[in-house]
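The values are calculated or read from the model by the stated rules, or taken from the named source; none is laboratory data. Model, not experiment: these values are computed from the prediction. Here the Cβ is made from the backbone with ideal geometry for all residues, glycine too, and neighbour counts use every protein chain on show.
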Amino acid sequence: MPSLRMMPKVMTLTDAAAARVAHLLSSKPDVKGLKIGIKKGGCAGMEYTMTWADQIGKFDEVVEDRGAIVLIDPAAIMYLIGTEMDYKTDKLASQFVFNNPNQKSACGCGESVNIEPATPDGGLRPADHQH
């Protein structure tokens, strides 16, 4: 019998992020979840996207946590593996923040990032190995 290998979670949510998403969803009865994706753009190459989803796509990754439902666009999964989603509030702004181990750099304004896809085994890329 083949052994089952545990896949890493695509995304985790901090307490603050889960509470904020759950609160926002509670005011939107027709919405199934907050959908996270990525698109090409910005000065660093890619941008995170967030939209309200009125249905769960066949290949969406579903993250349910403390009343929050986050859907991961299938095209973004390999770029988001291991990401922690947080919600931060400071004197000037409140925003979701992505702590992504696949992110290599970001632009100065923080709106655009350079992300590399995770390897299928979840391990280090050859350039990351140290001997």
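In region 47-106, which strands (runs of 3 or more DSSP E) lie fully inside it and hold 2 or more residues that are of a type in the set (Ser, Thr, Tyr)?
Details: elements: 61-65, 68-72, 83-89, 94-99, 103-106.
Result: 83-89.
Select from region 12-27 the residues that are surrounded by 12 or more Cβ atoms within 10 Å (Cβ to Cβ) and either in a strand (DSSP E or B) or small (Gly, Ala, Ser) (or both) and list them in ascending order.
Selection gives Thr12, Leu13, Ala16, Ala17, Ala18, Ala19, Ala22.
For region 49-66, how many residues meet the condition of being under 16 Å from Phe96 (Cβ atoms) and over 13 Å from the mean Cα position of the chain (by Cα)? Step through it out loud before you land on a result.
From region 49-66, those under 16 Å from Phe96 (Cβ atoms) are 49-53, 63, 65-66; that's our starting set.
Among the residues that remain, those that are also over 13 Å from the mean Cα position of the chain (by Cα) are: 52-53, 65-66.
So the count comes out to 4.
Quick check, is Asp30 at pLDDT 85 or above, of a type in the set (D, E, K, R), touching a Lys or Arg at 6+ places or on another chain (Cβ under 8 Å) and surrounded by fewer than 12 Cβ atoms within 10 Å (Cβ to Cβ)?
Details: at pLDDT 85 or above: yes; of a type in the set (D, E, K, R): yes; touching a Lys or Arg at 6+ places or on another chain (Cβ under 8 Å): no; surrounded by fewer than 12 Cβ atoms within 10 Å (Cβ to Cβ): yes.
No; evaluated as a whole, the condition is false for this residue.
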